[in-house]
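Asker: My questions will all concern the structure given below.
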Amino acid sequence: MDNSRSRTADAMRNHRINSVWRLLVAMLVSCAALTVLGAIPTNDIVAAEDLIGKVRSTSAKVYLEEQLAGILKISDQAKQAEEFRVFLAGLQPGARSAAVPAPAAPATPVAPAQPASGAHHVSVNGKIVDAKAQQEAAAQPGIPVEKTLPKSGIMLRLIPAGVFIMGSPKSDEDRSDDEVQHTVKISKPFYMGRYEVTQGQWQNVMGNNPAKFKDCGENGPVEQVSWNDCQAFLRKLEELEGLPKGSMCLPTEAQWEYACRAGTQTAFCYGNDLDSSLANINGNIPYGKGRKGEYRARTMPVGSFKPNAWGLHDMHGNVWEWCQDWSGPYATADAVDPHGSNSGQNRVVRGGGWGSSAYLCKSALRNKGLPDYANYYCGFRLSLPAGQ
């Protein structure tokens, strides 16, 4: 009986794989015709297929292939080229890779999100502690839960010390091999930007605005900034705010995921589902029970969606966010305040962006980019030790 079930499962799996490849062959034929017209270079089509091939979930692969097939059927070459560019960026966007007014609040004020049904809180010393209790415990010494830097107007939220499980479970069918689960302790509370750094804040500190989507306004997230550009911003911000050199930094990868999860252990801080009603993502490709929705194909003003349980907005989508760490494999053992690899070629980016499929925005998903590369998918938010 067991052997029969195994053969049946293998046959079904092979049928699905063969179906994907039949679709791929058909698309490549279409691509050949299209490239004669000059709409999409052949090497770009191949690059997209390579990236789709790295997706572990068969169902996700089929869905992405269908999306690509739809793009290749667009007769307007200019529109087709633009749709393909955004699609390709959504597959791997980070790897090419006087005071400013506070960012505008959403039209309808929303309280920090409570984890959705199915969200699991982290167990600390055998006791289940929800995000609100952790936050209140960290605030007891007199450190404010929220603070605003007076010169730049940047708003920060307190992230309490705690323990969490970093990475994704092996049962996750879309899991990448570099998302190995391990226990991480964040030993001290720290502050994290409530919002992604905005164009207005960058202009105030640096005297210019590199963003592509300038019409998003001063409360739109700044993008087209490299990791190196972020370091220059941090040093100038320290001077402006009168803070010690080196006190301002990008969050470590561990700090970023811990702050994003805000006490949850689900795929996203909102639960196991994500669509464009919850985040600025590619609404054509939701996750879990999320519904297909609006694809805005651009950034949105920060704070347009509800925050997580610790008051952070846009941890999923809008722009990918640079982290301080070099990209590299996780340590095999549990860790305390890890800082990533000692060296490398790429820096970590997290969170997904406006062109990303929902699964690329998962709390555990890792991406990377060259530190000197800037594009309009990447931005950042700040980290600052509590007490400064």
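For (1) assigned to a loop (DSSP other than H, G, I, E, B); (2) crowded, with 20+ Cβ neighbours inside 10 Å, each residue gets a yes or a no:
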| site | (1), (2) |
| --- | --- |
| Ala211 | yes, yes |
| Gln224 | yes, no |
| Leu237 | no, yes |
| Pro244 | yes, no |
| Ser247 | yes, no |
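Asker: Just wondering, is there one or more residues in the range 317-332 that are among the β-branched types (Val, Ile, Thr), out of contact with any helix residue (DSSP H, G or I) (no Cβ under 9 Å at 6 or more places or on another chain), under 23 Å from Arg85 (Cβ atoms) and assigned to a loop (DSSP other than H, G, I, E, B)?
Answerer: Among the residues of the range 317-332, at least one is among the β-branched types (Val, Ile, Thr), out of contact with any helix residue (DSSP H, G or I) (no Cβ under 9 Å at 6 or more places or on another chain), under 23 Å from Arg85 (Cβ atoms) and assigned to a loop (DSSP other than H, G, I, E, B), which makes the answer yes.
Asker: Let me ask something additional. Among residues belonging to the range 361-388 that are of a type outside the set (D, E, K, R) and over 14 Å from Trp320 (Cα atoms), point out the one that is modelled with the lowest pLDDT.
Answerer: Only one residue tops the list, namely Gln388.
Asker: Could you count how many residues in the range 333-354 are in a loop (DSSP other than H, G, I, E, B) and buried (at least 24 other Cβ atoms within 10 Å of the Cβ)?
Answerer: Within the range 333-354, residues that are in a loop (DSSP other than H, G, I, E, B) and buried (at least 24 other Cβ atoms within 10 Å of the Cβ) number 4.
Asker: Kindly check whether there is at least one residue in the range 355-372 that is more than 19 Å from Asp229 (Cα to Cα), over 16 Å from the mean Cα position of the chain (by Cα) and not in a loop (DSSP other than H, G, I, E, B).
Answerer: No, that holds for no residue.
Asker: Could you check, for the range 349-360, whether at least one of its residues is on the phi > 0 side of the Ramachandran plot and either at pLDDT 95 or above or charged (D, E, K, R) (or both)?
Answerer: Checking the range 349-360: at least one residue is on the phi > 0 side of the Ramachandran plot and either at pLDDT 95 or above or charged (D, E, K, R) (or both).
Asker: Could you name every one of the strands (runs of 3 or more DSSP E) located completely within the range 140-199 that has at least 2 residues being of a type outside the set (Gly, Ala, Ser) and under 21 Å from the mean Cα position of the chain (by Cα)?
Answerer: Filter on the range 140-199 gives 155-159, 162-166, 182-186, 190-193.
Asker: Return yes when Gln265 is out of contact with any Asp or Glu (no Cβ under 7 Å at 6 or more places or on another chain), at pLDDT below 95 and within 18 Å of Lys185 (Cα to Cα) and no when it is not.
Answerer: So Gln265 passes the test.
Asker: Report, by residue number, each residue of the range 280-292 that is in a loop (DSSP other than H, G, I, E, B) and within 18 Å of Phe87 (Cβ to Cβ).
Answerer: Passing the criteria: Asn280, Ile281, Asn282, Gly283, Asn284, Ile285, Pro286, Lys292.
Asker: Is one or more of the residues making up the range 285-298 closer than 16 Å to Glu196 by Cβ, assigned by TED's automatic domain parsing to the domain that holds Phe190 and surrounded by fewer than 24 Cβ atoms within 10 Å (Cβ to Cβ)?
Answerer: Yes, the range 285-298 contains at least one residue that is closer than 16 Å to Glu196 by Cβ, assigned by TED's automatic domain parsing to the domain that holds Phe190 and surrounded by fewer than 24 Cβ atoms within 10 Å (Cβ to Cβ).
The values are calculated or read from the model by the stated rules, or taken from the named source; none is laboratory data. Here the structure is a predicted model, which is why all the values come from computation and not from measurement. Cβ sites come from the backbone with ideal geometry, for glycine too, and all protein chains shown count toward neighbours.
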